[in-house]
Amino acid sequence: MTKTILVDLPGANVCLYQNIIRDADKLFKRLIDEIDWRTESIKLFGQKHPLPRLTRWMGDTSYTYSGIENQPMAWTRTIQKIRHQAEAIAKSRFNGVLLNLYRCGQDSMGWHADDEISLGNHPTIVSVNLGGTRRIRFKPKPHFNGKVVSLELPHASALVMRGETQKNWVHTIPKTTKPVGLRINLTFRKVLNTP
């Protein structure tokens with residue numbers, strides 16, 4: 001049964017839809033097998049460091065974040081099915097998706113906002129979650145008042161972030177020592193500016 005949770009974040013519009021992705025078990029298994037997962041590196045203080053998760057960019061255009069320029073992999077049939085569901089949930093159209101594979105609790109995503117210029121001023125981001133449950137944390141940017149909020153992202157769920165969420169808040173998937181299963185996260189977005 002689908003459950004909708006409106007997340008209490010002032011100056012943001014965040015909603016979690018649980019049990020909303022149809023055929024989630026089947027889709028998860030297909031993605032593990034059919035995606036050519038890669039380890040990307042990020043440059044920090046002049047040195048390259050591998051991202052603590054596997055990734056892949058898929059879509060109609062390239063996309064750059066954190067200094068990583070991602071050339072698009074062609075849409076697969078499986079991702080297209082998930083994309084149509086994400087678009088129906090958000091009532092938005094998307095031309096790209098960042099795929100992340102979290103292999104264990106030590107795979108993570110640091111504090112960030114999806115606020116690249118190429119996404120526009122008020123992007124709608126749909127984060128589809130398949131596999132193991134992980135926690136997302138939100139904290140306000142320095143110019144904004146608020147408290148840190150944590151939320152569990154279970155299998156077959158979709159987190160929709162829109163409005164001024166990326167302007168006022170940052171979010172993270174922190175490391176955990178708890179046993180967690182493989183997790184695939186797909187963040188759908190619309191890239192406005194193409195090179």
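Summed over the stretch 69-91, the residues that are more than 16 Å from the chain's Cα centre (by Cα), open to solvent by less than 40 Å² (accessible area, probe 1.4 Å) and within 21 Å of Asp115 (Cα to Cα) give a count of 0. Within the stretch 150-164, if we keep just the residues that are in a strand (DSSP E or B) and aliphatic (A, V, I, L, M), the residue that is most open to solvent (accessible area, probe 1.4 Å) turns out to be Leu151.
Apart from one condition, Ser118 fits all of (1) of a type outside the set (A, V, I, L, M, F, W, C); (2) assigned to a loop (DSSP other than H, G, I, E, B); (3) open to solvent by less than 50 Å² (accessible area, probe 1.4 Å); the exception is (2).
On the given criteria, is Ile184 closer than 27 Å to Asp25 by Cα, of a type in the set (Val, Ile, Thr) and free of Cβ contacts under 8 Å to residues at least 40 places away in the same chain?
Considered against the rule, which asks whether it is closer than 27 Å to Asp25 by Cα, of a type in the set (Val, Ile, Thr) and free of Cβ contacts under 8 Å to residues at least 40 places away in the same chain, Ile184 comes out as no.
Residues in the stretch 57-68 that are of a type in the set (Gly, Ala, Ser) and surrounded by 15 or more Cβ atoms within 10 Å (Cβ to Cβ): Gly59, Ser62.
Applying the set (1) loosely packed, with under 15 Cβ neighbours inside 10 Å; (2) at pLDDT 95 or above to Gln47 leaves exactly one unmet item: (2).
Taken together, Lys147, Lys178, Lys139, Lys167 contain a single residue that is open to solvent by 10 Å² or more (accessible area, probe 1.4 Å), more than 18 Å from Ala86 (Cβ to Cβ), without any contact (Cβ under 8 Å) to a residue 40 or more places away in the chain and outside any strand (DSSP E or B), which is Lys147.
The values are calculated or read from the model by the stated rules, or taken from the named source; none is laboratory data. The structure presented is a predicted model; accordingly, all values stated were derived computationally and were not measured. Here Cβ is always computed from backbone atoms with ideal geometry, including for glycine, and neighbour counts include all displayed protein chains. Note: areas computed on protein heavy atoms with side chains; ligands, DNA, RNA excluded. Shrake-Rupley method; radii C 1.70, N 1.55, O 1.52, S 1.80 Å.
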